[in-house]
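Read-outs throughout are calculated quantities, based only on the coordinates presented, and are distinct from any laboratory measurement. Fair warning: this is a prediction, and the values are worked out from it, not measured in the lab. Reconstructed Cβ throughout: ideal geometry from the backbone, glycine too, with neighbour counts over all protein chains shown.
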Amino acid sequence: MSFSDRFSNWRNQLISNPKFQAWAVSNPLTRPLARQKAKATFDLVAGFVYSQVLSAALDSGLLEAVRTRTIDEAGFAASSGLPLDGAGRLLRAAASLELVRRQSDGRYALGEAGAALLGNPSVFAMVRHHKAFYRDIADPLALLKARRDDTELSRFWAYETNASPEDAAAYSALMAETQALIAQDVLGAYDFSRHSTVMDVGGGLGAFLSAVGAAHPALGLVLVDLPPVAKLAAERIAAGPLAARFRIEPRNMLEDALPAGADLITLIRVVHDHDDAPVARLLASARKALAPGGSLLIGEPMAGVPGAEAMADAYFGFYLWAMGRGMARTPAHLSQLLQDAGFREIRQLRTAQPLMVSAIIAR
């Protein structure tokens, strides 16, 4: 055991002592830190409630109501259909989380956290989607013991075995809405202009590839996804300005050979949705499909990234468990899978928001 481990064990035993906690709060030198740690601990306990307040603020129309104007309790009650006391309770809760801000005149305006959320509207799609996740995780120990194919999320994401048009439309819309969260980060992390054709595998409705195409007008664009998804993508892209540059390839990326010839293949939020064995097959298929000297770019949340530990191992750890497959992998784990598939010159790219997405490029 290292000195760091021994020190951490001693420190944590000390912190767990109620007498030490009482002393830390009463001591003027340690009181600020003790209060900060106490708040963090309470936030850990209350986190689910906070997320439900956010959900209520979204579903009630509160954030949209204060986007450009102020409201009072009576006005919000009337617009939301809540009783006056319920509307007031939600307004005060939202204000405590800085979703809204109570002004000196008693009316409510947009808060700092609310403004940040309105600037990323794709977050709202995830908030709504989380209702299914929360039902699965209501009893987390039961979830960990249960069959992983018997959850609401596993049924929602059953696109490999049940790609009906209705199911494809539901999950493809969610992916398209949330893709904006990461597209610009990936574009900022890698120079796509060095390539002639990029093929996005598992590309959904083409949200990511459309962002790439808009930023790089000379690139050829190939989208690969399941036939029901590819059909929806073709309809959506046909109405847009990049239609002439797109080629849509209906394929099952885990079973069918990938189209050959692209000098860049992208896997954006794809690899972490699958276990190691299908990922190994997908990477081998991608290597075979790439033009000589081509590259593969993986972009997704990764484990072991400083500052993103809770996102990877807590949030995605349980989300992907409820989904029935996949894991957030460390860059080292992904690099080993890439090496096993025959890739070389593997390196991690610096992204602006590693909490949302990290990236790896390999030749």
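General observations
- Taking amide H atoms as placed 1.01 Å from N in the peptide plane, the amide H of R251 lies under 5 Å from those of D225, L226, each 5 or more residues away in sequence or on another chain.
- Relative contact order of region 237-333, pairs being alpha-carbon contacts under 8 Å that are 6 or more residues apart, as %: 29
- Straight-distance crosslink candidates among aspartates and glutamates, where the alpha carbon sits under 15 Å from K131 and sequence neighbours closer than 8 are dropped: D59, D139, E152
- Label-to-label distance, A46 versus L33, with points set 7 angstrom from Cα along the beta-carbon direction: 2.4 nm.
- ³J(HN,Hα), Karplus 6.51/-1.76/1.60, whole Hz, each residue of region 145-158, x for Gly, Pro: 8, 7, 4, 7, 9, 10, 10, 5, 5, 5, 6, 5, 9, 7
- Placing +1 on each Lys and Arg Cβ and -1 on each Asp and Glu Cβ, with no other charges, gives region 287-363 a dipole about its Cα centre of roughly 340 debye.
- With the alpha-carbon atoms of region 122-362 aligned to their principal axes, the span from lowest to highest coordinate is 50, 38, 32 Å, starting with the largest.
- The chain: angle of helix 3-15 to the longest principal axis, Cα-based, in degrees nearest 10: 40
- For region 200-217, putting each phi into the Karplus relation 6.51 cos²θ - 1.76 cosθ + 1.60 with θ = phi - 60° gives couplings of 9, 9, x, x, x, 8, x, 4, 5, 5, 5, 5, 5, x, 5, 7, 9, x Hz, in residue order, rounded to whole numbers and with x for Gly and Pro.
- Phi to ³J(HN,Hα) by Karplus 6.51 cos²θ - 1.76 cosθ + 1.60 over region 62-76, Hz, x for Gly, Pro: 4, 5, 5, 5, 9, 4, 10, 8, 10, 9, 10, 4, 5, x, 5
- In the chain, taking the dipole from charged Cβ atoms about the Cα centre, the farthest positive-side position among Q36, Q52, T70 is held by Q36.
- 0 to 90° range, to nearest 10: angle between helix 84-96 axis and the chain longest Cα axis: 70
- The chain, dipole about Cα centre (Lys/Arg Cβ +1, Asp/Glu Cβ -1), debye to the nearest 20: 980
- Relative contact order [Cα under 8 Å, 6+ residues apart], the chain, whole percent: 12
- Value at 222 nm in deg cm²/dmol, rounded to 500, when DSSP H runs of n ≥ 4 in the chain each add -39,500 (n - 2.57): -16000 deg cm²/dmol
- The length gained by stretching the chain between D85 and H216 to full extension, at 0.36 nm per residue less their Cα-Cα distance, is 41.9 nm.
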